[in-house]
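What follows is a set of notes on a single structure, which appears directly below.
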Amino acid sequence: DAGVIQSPRHEVTEMGQEVTLRCKPISGHDYLFWYRQTMMRGLELLIYFNNNVPIDDSGMPEDRFSAKMPNASFSTLKIQPSEPRDSAVYFCASSSPRSSWGNEQFFGPGTRLTVL
Amino acid sequence: AQSVAQPEDQVNVAEGNPLTVKCTYSVSGNPYLFWYVQYPNRGLQFLLKYITGDNLVKGSYGFEAEFNKSQTSFHLKKPSALVSDSALYFCAVWEGNYQLIWGAGTKLIIKP
């Protein structure tokens, strides 16, 4: 398996622009998580899905952030409009409670977002 | 509420010496505890976990962790540190609904 795939790996955009981050979870995993990592705030859970349904989005910072999972193999995190304070590394992770690893989460390589 | 604390922002160890990265937790029931490692410019990688059974859990890259219920701790250890162990280490506890509660992370620096 290729692992969790995220694109793009790096994104530089200007304030006010729309940003879309993409994630392909590991095949067969039914949980998908979006995290944000910054020096100031550490690792924050933004939202997670189970079987393509959002379960908890309480970590989404504000209405400018939205996430979708139209099918089991694809999810997006959108920021519109983007602001400089959104600059961070965004990680996608997936897990399967039926796997031998239990609740282990498998992380993608992350998208480093810079908003100028 | 469930929580995880990593009391040290940074740990410095000389190569070849034993290392310990500390983690304490607070849960209402039986804990599921995890350690992850993050190398520079990479995503987090699973190291080991405790769910039940033997209090000493062995994981990847020669790491192990000791679960201590009375002290509510789950410290990460390695008998002999390598320079390549330098990374950011995260402790996490499973909350339920498959969401992990993460510690703030500890930067481990191994000096040659």
As straight-line cross-link partners of B:K107, the qualifying lysines (C-alpha separation under 30 Å, not fewer than 8 residues apart within one chain) are A:K24, B:K22, B:K49, B:K58, B:K69, B:K77, B:K78
Of all trypsin sites (Lys or Arg not before Pro) in the range B:38-112, the ones in DSSP coil with at most 10 other Cβ atoms within 10 Å are B:K69
Of all trypsin sites (Lys or Arg not before Pro) in the range A:8-111, the ones in DSSP coil with at most 12 other Cβ atoms within 10 Å are A:R9, A:R41, A:R98
Percent of all Cα-Cα pairs per 5 Å bin for the protein assembly as shown, counting from 0 up to the last occupied bin, reads 1, 7, 14, 18, 18, 16, 12, 7, 4, 1, 0
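Between rounded, prolate and oblate, where does chain B land on the alpha carbon gyration tensor, with a ≥ b ≥ c its root eigenvalues, rounded for a/c under 1.5, else prolate if a/b exceeds b/c?
Judged from the Cα gyration tensor, chain B comes out prolate (a/c at least 1.5, a/b above b/c).
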Kirkwood-based Rg/Rh on the Cα set of chain A evaluates to 0.96
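Read-outs: derived from the displayed coordinates by stated rules, not from any lab. Owing to the predicted nature of the structure, the values given are computational and were not obtained by experimental measurement. Cβ: placed from backbone, ideal geometry, glycine included. Neighbour counts: every protein chain shown.
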